[in-house]
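The values are calculated or read from the model by the stated rules, or taken from the named source; none is laboratory data. As the structure is a computational prediction, the values presented were derived from the model and not from experiment. Counting neighbours? That spans all protein chains shown, and the Cβs are built from the backbone with ideal geometry, glycine included.
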Amino acid sequence: MESVFFSRRRLVPISSFGHTLYHGAMNAELRTHPALGRPMVGHLWRRCRLFRDALVSLYAAVALFAVASLAGGTTQALGGDGHWITISLTGLGIVVILSGVVQLIRESRLLLDVFEAHIEELERR
């Protein structure tokens, strides 16, 4: 099952069944309560940006680890002492991973805010 979510000027297919249900419910909510649209879309954009930033951080960390491995192997093969290069790049990769983890924690907290708002709404009914 596939849903479509708008991204400024283009349509982005969402193939996950859970996301399909979520966005279907969101679209229905926007149709019945248009005033909720701006805060809901703004919240969703913040979550998307955090998730994107986390993925970029994790990809960058993998790239840093690969470069560190290549640099260490190359300096060893050439007989040089390049441990500082490998250690520096590995340390930087660890910092970037931690940055990605922080972004994922922030995104998870925003998701929790959505669940809390829905539960409060259900309790009021």
Q) What are the pairs, 6+ residues apart or on separate chains, where a residue within segment 53-74 that is assigned by TED's automatic domain parsing to the domain that holds Leu92 has its Cβ under 7 Å from a residue that is not in a helix (DSSP H, G or I)? A) Ala71/Gly82; Gly72/Gly82
Q: Say whether the condition of being over 21 Å from Arg106 (Cβ atoms), at pLDDT 60 or above, in contact with a helix residue (DSSP H, G or I) (Cβ under 8 Å, 6 or more places away or on another chain) and exposed (fewer than 12 other Cβ atoms within 10 Å of the Cβ) is met by at least one residue in segment 22-40.
A: no
Q) Out of curiosity, is Ser99 touching a Ser or Thr at 6+ places or on another chain (Cβ under 6 Å) and under 15 Å from Leu50 (Cα atoms)? A) yes
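Yes/no matrix, rows are residues, columns are (1) in a helix (DSSP H, G or I); (2) surrounded by 13 or more Cβ atoms within 10 Å (Cβ to Cβ); (3) at pLDDT below 90:
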{"residue": "Thr20", "(1), (2), (3)": "yes, yes, yes"}
{"residue": "Thr75", "(1), (2), (3)": "yes, yes, yes"}
{"residue": "Leu92", "(1), (2), (3)": "yes, yes, no"}
{"residue": "Leu98", "(1), (2), (3)": "yes, no, no"}
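When you go through Asp81, Asp53 one by one, which is the residue that is outside any helix (DSSP H, G or I) and of a type in the set (Asp, Glu)? Even if it seems obvious, please write down each step before you answer.
Working: Asp53 fails: outside any helix (DSSP H, G or I).
None of the other options fit; the residue is Asp81.
Got a sec? Which of Trp84, Trp45 is within 15 Å of Gln103 (Cα to Cα), surrounded by fewer than 13 Cβ atoms within 10 Å (Cβ to Cβ) and modelled with pLDDT under 90?
On the way: Trp84 fails: within 15 Å of Gln103 (Cα to Cα).
When all the criteria are applied, what remains is Trp45.
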